[in-house]
Amino acid sequence: MRKIKQLHNWIDGCKEVEAAVDEVAVGLEFVKEGALDEAELDALYATALDKVEKLELRNMLRREEDKLSAILKINSGAGGTESQDWASMLMRMYLRWCERHGYKTSIEHILEGDEAGIKSVTIGVEGDFAYGYLKSENGVHRLVRVSPYNAQGKRMTSFASVFVTPMVDDTIEIVLEPARISWDTFRSGGAGGQNVNKVESGVRVRYQYKDPYTGEEEEILVENTETRDQPKNRENALRNLKSILYNKELQHRQEEQRKIEDSKMKIEWGSQIRSYVFDDRRVKDHRTGHQTSDVGGVMDGDLDGFIKAYLMEFSQTDNG
């Protein structure tokens, strides 16, 4: 059923493009006959172009994992309240982007800041191609602004890191070794409510991971406080853990692919990818050179220009 749905999406998309292009052709004839003005023709052309570009963008998402939902994690950098406020602004930006595109979101775990903002948040983003689009956001995001938290009114630079992994579903099998898993429970923190600090509904899973390729060992820690139901939180935490393990396998494959390919530009996960300079009204992506002066629009979730520029430049490398 999943494959049928995906094929229907392609067929429907192609039909929409075909119909829009036909409308432009008919509109052009009407303009020649004086039955339609040029402004109306321009509107038909803009609609057709938008549909073509959306289909073209989806065509760039051909890797197996691109079609999956995503788990997006934001961590504030060094810098205290200012960085924590920046992390919360990024959280709002991504939630607004998801809302614009009809993706279902859930806050799986959040750690509030000391005075304002957040220290970290994990967001589940459910819907087709969520990972394919959001993978462009992996890396460090830099904010430059006059900080409301600085008494001298100085310009400050803050950092926050964004890490996106594909959300594994039941079509992808990830083997977890039970002997390497240990669980803790804790009371969920929060602003209040009858259940807060009374029931140990929060769960923490630790997994002693051994890299099958290098033999290196590390402890993977996942926390979940999404619901008041401990079994449900356990289930969500395991899903998150599987997503992390799946992503490690993906990174290994991509690293092997990069060794083979003589790529002109390396895409390093965790590098500084974008600067948001509020005073100069500029948001610039350092990988693609794409920039905009509409800072307010970007912070309100208008990221499509950046995502498109990334996929246009790097999809060939990503897709092999």
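Observations on the model:
- Semi-axis lengths, largest first, of the ellipsoid equivalent to the chain are 37, 26, 21 Å, with √(5λ) applied to each eigenvalue of the Cα gyration tensor.
- From its DSSP helices (H runs of at least four residues, each -39,500 (n - 2.57)), the chain gives a residue-normalised ellipticity at 222 nm of -14000 deg cm²/dmol.
- Karplus-based coupling profile of the stretch 15-23, in residue order and whole Hz: 5, 4, 4, 4, 5, 5, 5, 4, 5, with θ = phi - 60° in 6.51 cos²θ - 1.76 cosθ + 1.60 and x standing for Gly or Pro.
- Residues whose amide H falls under 5 Å from that of LEU36, counting only those 5 or more places apart or on a different chain, are VAL31, with hydrogens built in the peptide plane.
- The listed peptides 136-143, 303-310, 28-35, ordered by packing as a protection proxy, come out as 136-143, 303-310, 28-35 (highest mean of other Cβ atoms within 10 Å first).
- The dipole here belongs to the chain: it is taken about the Cα centre, uses +1 on the Cβ of Lys and Arg and -1 on the Cβ of Asp and Glu, and is about 1060 debye.
- Under the Karplus curve 6.51 cos²θ - 1.76 cosθ + 1.60, θ = phi - 60°, whole-Hz ³J(HN,Hα) for the stretch 138-148, x wherever Gly or Pro sits: 4, x, 9, 10, 10, 10, 10, 7, 7, 6, x
- Sites ASP22 and SER293, calculated FRET efficiency, Cβ-Cβ separation with R0 35 Å, nearest 0.05: 0.45
- Burial ordering of PHE278, PHE186, fewest other beta-carbon atoms within 10 Å first: PHE186, PHE278
- Straight-distance candidates among the aspartates and glutamates for linking to LYS284, with alpha-carbon spacing under 12 Å and chain neighbours fewer than 8 residues away dropped: ASP294.
- Extension gain (nm, one decimal) between LYS15 and GLU40, 0.36 nm per residue minus Cα-Cα: 6.8 nm
- Estimated vicinal HN-Hα couplings, Hz - the stretch 85-90 in sequence order (Karplus 6.51, -1.76, 1.60; Gly, Pro = x): 5, 4, 4, 5, 5, 5
- Anisotropy class of the stretch 2-59 from Cα gyration tensor, a/c 1.5 cut: prolate
Every number in this text was worked out from the coordinates using simple rules, so none of it is lab data. Here the structure is a predicted model, which means the values were calculated and not measured. In this analysis, Cβ positions are derived from the backbone assuming ideal geometry, glycine residues included, and neighbour counts consider all displayed protein chains.
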